[in-house]
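The values are calculated or read from the model by the stated rules, or taken from the named source; none is laboratory data. Being a predicted model, the structure only gives us computed values, none of them experimental. Backbone-built Cβ (ideal geometry, glycine too); neighbour counts: all protein chains shown. Accessible surface areas use protein heavy atoms only, side chains included; no ligands, DNA or RNA. Shrake-Rupley method; radii C 1.70, N 1.55, O 1.52, S 1.80 Å.
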Amino acid sequence: MKSFAAELAYFVRGRARQNLKVLALYGLFLLVLILLYASLFRYLMLELEGREYSFIAGIYWTITVMTTLGFGDITFHSDTGFIFATLVTLSGVIFLLIILPFGLVSLFLAPWIEQRLRYRPTYELAASTSGHILIFGIDPIIRAFIRKLQARNLLFVVVTDNYDQALMLEEQEGFKVVYGAPTDAQVLRGLRVKTARYVVANLSDPENANVCLTLRSLCQTPVVTLVRDSDHQELLRLAGANQVIALPRILGRFLATRATTHGAMAHVLDSFGALQIAEIPLYGTPFAGKTLAESAIRQQTGLSVIGLWRRGQLSLPTPDSILAPDSLALLAGSREQLQALELLIGNPTADDLVFVLGHGRIGCAAATFLERKPVPFVLIDQRRSTSCRKHVPVYGDATDRETLQKAGFDRASGVIVTTNDDNTNVFLTLASRHLNPHIRIVARANQDENIDQLYAAGADFVVSNASVGATILMNLLDRKESAFLSEGMHLFRRPVPTELIGKTLEASRLRPELGCSVVALKNAADEMNTTPEPKTLLQADLTLLLIGSAEQEKAFDRRYPRTENA
Ligand code: ADP
Ligand code: ZN
């Protein structure tokens, strides 16, 4: 049944779809012809032979004559009538019995058989293949990852044991595809896993575990798995995965972080030794609306503002940058400095109440995160969760205004919109904005195409599953310091270049000339200086921790090529 549906799907794609339009037009033409003949039949019968027939009878006569059935129950008795009947029979033979079947065969059947015969799936890669990235399991996240791979001209191969999917991915999307079961050692050998650069396993958790075990019996190629249930993380590691990404948990945390300003410490994204990177929504803080210089964040807390997120765009701030209330500040500094910030912004949102719409895996992760802060929240879902026992949601359809109002939506300071359907998410965003104009809306986009619609519907922050997932995968592939989660933003570590030894940070002109900034300095004893001053001296034993775009990182390496011992 499934493959029948897949075959049917063939007819609504590409050229077949175009042909379907031609067929529809032809059908319309036949219909008009039949109606015309039926009317003519009635007119001639009445005029020539004085007999009156209904319109239905006219259509019945036309069809029996056109299909050459001609039962003979209604017949003409005059020459003109015979001529008319002959004409109808002939046109029936031409239009119905010759052109129609011919068209169906040449427009649909032949191309379909041709495609079936032509497509020969690939079963293995050339023995010399190396440095390739193997991908098991395709979804919007992997598609976003593939777009990044394509942009960098990296060789990747998609592996699937579904014939129709293999055909579709190869013929329609132009991917390199191997047809075979990823859990079969023979197939893996044919995929040249030994010389592969990376394996991305994105199947179900048991299948991923199986892939990892099989792979580990063959080689040591790094494997990253995307885990469905975060409780399985440890098992997959045991099975041999080098990295296990629990995306729902990461996304849940991302959504929750943006939904409240509560407590700066709760916003730490990542840390590098003593250096912490945190992302704080500016809404509700004393800095909102000021310029970076006026806010004096650096002077008051020692933290550096290393980036500003607004509407999904990250920019490197200058002293004149405005700290807009609907943006996030990316901060770097020590734990103590973040605590100082926490004191400074106090608890402006002590009456925080966050609505979480959708108690799927991501919604559940967001709720867990809010619970830990703690920030009061209300979960809403239509169904009982199969995996979570600890949360008690309000049951109801979130698109129903009454459900929200009864649950106290007008008291909410933030809402996290996290169903698995983007149309519902757009609708819920619109409805939330309408019900509560000042509420902070954080929405999840399951497909990148819908990011703009969610912003247009009134979301303050949109978190895209696909781009977050793809960015993490790409960072792992590049062996970045961490899976630092900002598109286009990189944290990188370099020893102080010989040319700069003995200069001050200011004199190094890294920021004005290369665009990247030094966020911390680490000495040989692994002590971290997270507040480098312009006058700080760059000594030989120091390591620089820098932040900048991928281009800026490259520019740094061009200017200061890395030596062997670096
Ligand atoms: P994920 O695990 O990726 O978060 P799920 O499909 O498990 O995705 O979660 C989506 C959740 O959203 C489901 O539990 C579903 O019941 C819920 N949901 C979808 N639409 C609505 C709605 N209109 N009102 C309330 N809950 C909804
Ligand atoms: Zn839960």
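Considering only residues that are open to solvent by 20 Å² or more (accessible area, probe 1.4 Å) and touching a strand residue (DSSP E or B) at 6+ places or on another chain (Cβ under 7 Å), which ones fall in the range 383-395?
Residues satisfying the conditions are Val394, Tyr395.
How many residues, within the range 387-421, are near ligand 1 (Cβ under 9 Å from one of its atoms), over 24 Å from the mean Cα position of the chain (by Cα) and among the hydroxyl-bearing types (Ser, Thr, Tyr)?
2
If you go through the range 423-442 one residue at a time, how many are at pLDDT below 95 and either aromatic (Phe, Trp, Tyr) or within 29 Å of Asn202 (Cβ to Cβ) (or both)?
Residues meeting the conditions: 1.
Which members of the range 104-119 meet the condition of being over 16 Å from Leu169 (Cα atoms) and open to solvent by 80 Å² or more (accessible area, probe 1.4 Å)?
Within the range 104-119, Leu109, Glu114, Leu117 qualify.
In the range 302-347, what count of residues is obtained for those that are more than 29 Å from Ile451 (Cβ to Cβ) and at pLDDT below 80?
Result for the range 302-347: 2.
Of all the residues that make up the range 332-391, how many are closer than 23 Å to His438 by Cα and among the basic types (Lys, Arg)?
1
Output the residues belonging to the range 230-249 that are more than 20 Å from the chain's Cα centre (by Cα), modelled with pLDDT of 90 or more and in a helix (DSSP H, G or I).
Hits for the range 230-249 are His232, Gln233, Glu234, Leu235, Leu236, Arg237, Leu238, Ala239.
Take the residues in the range 325-380 that are open to solvent by 20 Å² or more (accessible area, probe 1.4 Å) and in a strand (DSSP E or B), then tell me which one is farthest from ligand 2 (Cβ to nearest atom).
Val378
Quick one: in the range 497-514, of everything that is under 14 Å from Leu545 (Cα atoms) and open to solvent by 10 Å² or more (accessible area, probe 1.4 Å), which residue is modelled with the highest pLDDT?
Residue satisfying both the conditions and the ranking: Pro497.
Starting from the range 434-451, keep only residues that are part of a strand (DSSP E or B), then list their pairs with residues that are within 16 Å of ligand 1 (Cβ to nearest atom) and small (Gly, Ala, Ser) whose Cβ atoms are within a distance under 8 Å, requiring at least 6 positions of separation or different chains.
Every condition considered, the pairs that remain are Arg440/Ala259; Ile441/Ser432; Val442/Ala259; Ala443/Ala457; Arg444/Ser464; Ala445/Ser464; Ala445/Ala466.
Let me confirm something: among Leu454, Leu428, Leu476, which residue is touching a strand residue (DSSP E or B) at 6+ places or on another chain (Cβ under 8 Å), buried (at least 23 other Cβ atoms within 10 Å of the Cβ), in contact (Cβ under 8 Å) with a residue 60 or more places away in the chain and not in a strand (DSSP E or B)?
Just one listed residue meets the conditions, Leu428.
If I go through the range 102-132 residue by residue, how many of them are farther than 29 Å from Gly190 by Cα, aromatic (Phe, Trp, Tyr) and touching a residue at least 40 places away in the same chain (Cβ under 8 Å)?
2
Where in the range 62-123 are there helices (runs of 4 or more DSSP H), lying fully within it, with 1 or more residues that are within 30 Å of Ala166 (Cα to Cα), modelled with pLDDT under 90 and of a type in the set (A, V, I, L, M, F, W, C)?
Those helices (runs of 4 or more DSSP H) span 100-104, 110-118.
Taking interchain pairs and intrachain pairs at least six residues apart, which have beta carbon atoms under 8 angstrom, with the first residue in the range 233-254 and open to solvent by 80 Å² or more (accessible area, probe 1.4 Å) and the second of a type in the set (Asp, Glu)?
Sorted first by the residue in the range 233-254, then by its partner, the pairs are Leu235/Asp205.
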